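This report refers to the structure that appears directly beneath it.
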Amino acid sequence: MSRFAWCTDGPFDLRDFLVKQCFISRIAVPDYFLGDVIDIRRVVTSWVDNASRPTPCASRPSRLPHQRHGKRPSLNIPQQLQALSLGNFTGQQHRGIDDARNICRIMESLASRNVSLEANMFVNPNRRWYWMGRDGVVFPPIQS
């Protein structure tokens, strides 16, 4: 048995879209999605926060994103790449394979900086969402 973790940019794909598609399809969330998940957006945001503190650090982020109203910024993939000095997003954003390749670039960079890459999210297959009607019907109904 090998150990692995899903890597995602934010909780949306696994927590929201996967659960929603399984609900609509009237199937259980497959067990292999219930394992460890690394939300890379959280990891990079934490690294940026730590690296921006006034302590000596060899690998500081190149540019910090604008922070509004004292809230932590939520960095999308292109912003994460910039914060890690990895250049621009390669490919087309929101295209699965291109998002995955860029997330791999981010993961490799974090690993090379000795950033801890541990599970920080999980998928709860039993959570009920406001849009869950009966018998796999999404509420309100999807307009076609």
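Got at least one residue in the stretch 58-76 being at pLDDT 90 or above and not aromatic (Phe, Trp, Tyr)?
Yes: one or more hits.
Those residues that are in contact with a helix residue (DSSP H, G or I) (Cβ under 6 Å, 6 or more places away or on another chain) and among the hydroxyl-bearing types (Ser, Thr, Tyr), I need them from the stretch 95-116; list them, please.
none
Name every residue in the stretch 12-35 that is among the polar types (S, T, N, Q) and more than 16 Å from TYR130 (Cα to Cα), in order of residue number.
Selection gives SER25 alone.
From the list LEU34, LEU18, which residue is of a type outside the set (S, T, N, Q), at pLDDT 80 or above and crowded, with 16+ Cβ neighbours inside 10 Å?
LEU18
Condition first: modelled with pLDDT of 95 or more and out of contact with any helix residue (DSSP H, G or I) (no Cβ under 9 Å at 6 or more places or on another chain). Now tell me which residues in the stretch 77-94 satisfy that.
GLN82 - this is the single residue of the stretch 77-94 that is modelled with pLDDT of 95 or more and out of contact with any helix residue (DSSP H, G or I) (no Cβ under 9 Å at 6 or more places or on another chain).
Check whether at least one residue in the stretch 2-14 is over 18 Å from the mean Cα position of the chain (by Cα) and at pLDDT below 80, and report yes or no.
yes
Which numbered condition trips up TRP47, out of (1) part of a helix (DSSP H, G or I); (2) within 17 Å of HIS94 (Cα to Cα)?
(2)
Do we find that VAL43 is out of contact with any Phe, Trp or Tyr (no Cβ under 7 Å at 6 or more places or on another chain), β-branched (Val, Ile, Thr) and modelled with pLDDT of 95 or more in this structure?
Criteria met by VAL43.
Considering the stretch 83-129 alone, what residues qualify as being surrounded by 15 or more Cβ atoms within 10 Å (Cβ to Cβ), in a helix (DSSP H, G or I) and of a type outside the set (Asp, Glu)?
Passing the criteria: ALA83, ASN102, ILE103, ARG105, ILE106, MET107, SER109, LEU110.
The values are calculated or read from the model by the stated rules, or taken from the named source; none is laboratory data. Nothing here was measured: the structure is a model prediction, and the numbers come from that model. Cβ: placed from backbone, ideal geometry, glycine included. Neighbour counts: every protein chain shown.
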